[in-house]
Amino acid sequence: MTSLSLNEQFKKLRLPGIMEIFEARLTSARENGLSHSEWLSLLLQDEIQRREALALEKRFKKASFEQIKTFEEYEISRYPLPMQHLIRDLMGGLYLKEHQHCLAVGPTGTGKTHLAQALGHQACHQGKSVRFIRASVLLREMHASRADQSWERNLKKLSIPDLLIIDDFGLSALTLTHAEDFYELVAERHLKSSLIITSNRKVEAWVDLFPDPAMGNAVVDRLTNHSYHVILEGDSYRRKMRPKASSPLKEEK
């Protein structure tokens, strides 16, 4: 049997990352007098970190965030203390392990979408698969999938992520088809995985969006009894973050 070179062995074992840093780590081991086990441990740790970084990058790509929003730029202190404590609890990710949902409601511009994407960003770092989508796009895609016989496949795809973020739900009343699609999605994910839903409407008003009140009550009942309710109020967050216009120069007298 022909012996393989070191690089060929790395390729065969699918360790391209080690191949890239092998010489540098070997030099460092000699200079610092590391034992074989210490050197091997560092080499393998490099490979683990490389793979984790690649996996995180893939999770971000699949999440399809509109923007990368994090808690580093989120002004949590603007909310009442109970909401601050709730948001910090959600940051820990326990709701994902419990397959709980998060319903973030409040007026336009109070930080709902930022919060949802920041929680999604956090979930990616916690090793969870995430998908972000606006409610209008979600309902349009599900409706379109009925025409090409891909509805079941599309529903399954939306059921896979550990966390599905639906932004701006309830901007308008639902058609019967949209209502049925949304009901099936909630029923499919309920108790199996987590949802974050943002809306300008109070949760109790969501029933009025459904043409069939019984269906609306079934959806709202599932969500409200297994969710954290984040109520965001106050002045527009976006308006506050908008750059201030420079004041006009006074005319010389």
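The values are calculated or read from the model by the stated rules, or taken from the named source; none is laboratory data. This structure is a prediction, so every number in the text was calculated from the model and none was measured. Positions of Cβ are generated from backbone atoms using ideal geometry, with glycine treated the same way; all protein chains shown enter the neighbour counts.
Observations on the model:
- Cβ separations smaller than 7 Å between residues 6+ apart or across chains give no pair from region 194-205 residues that are not assigned by TED's automatic domain parsing to the domain that holds ALA135 to residues that are at pLDDT 95 or above and crowded, with 24+ Cβ neighbours inside 10 Å.
- None of LEU56, LEU86, LEU15 is in contact (Cβ under 8 Å) with a residue 12 or more places away in the chain, within 30 Å of HIS190 (Cα to Cα) and not assigned by TED's automatic domain parsing to the domain that holds ASP167 except LEU56.
- Hits in region 125-163 - residues which are of a type in the set (Lys, Arg), closer than 25 Å to LYS202 by Cα and within 11 Å of the chain's Cα centre (by Cα): ARG131
- Region 147-160 residues that are under 17 Å from TYR183 (Cα atoms), paired with ones that are hydroxyl-bearing (Ser, Thr, Tyr) and assigned to a helix (DSSP H, G or I) (beta carbon under 6 Å, 6 or more apart): TRP151/SER145; ASN154/SER145
- Filter pass, LEU164 being in the same structural domain as ILE87 (by TED's automatic domain parsing) and touching a residue at least 40 places away in the same chain (Cβ under 8 Å): no
- Some residue of region 127-142 being in a helix (DSSP H, G or I) and either aromatic (Phe, Trp, Tyr) or touching a His at 6+ places or on another chain (Cβ under 8 Å) (or both): yes
- Within region 164-188, the set of residues being surrounded by fewer than 21 Cβ atoms within 10 Å (Cβ to Cβ) and under 17 Å from LYS202 (Cβ atoms) comprises ASP168, GLY170, LEU171, SER172, ALA173.
- Residue ID - surrounded by the fewest Cβ atoms within 10 Å (Cβ to Cβ), chosen from residues in region 91-130 that are farther than 24 Å from GLU52 by Cα and polar (S, T, N, Q): THR108
- Taken over region 29-64, the residue count meeting the criterion of being more than 30 Å from ALA116 (Cβ to Cβ), in contact with a Phe, Trp or Tyr (Cβ under 8 Å, 6 or more places away or on another chain) and small (Gly, Ala, Ser) is 1.
- In the set (1) in contact with a strand residue (DSSP E or B) (Cβ under 9 Å, 6 or more places away or on another chain); (2) under 30 Å from LEU81 (Cβ atoms), the condition left unmet by GLY234 is number (1).
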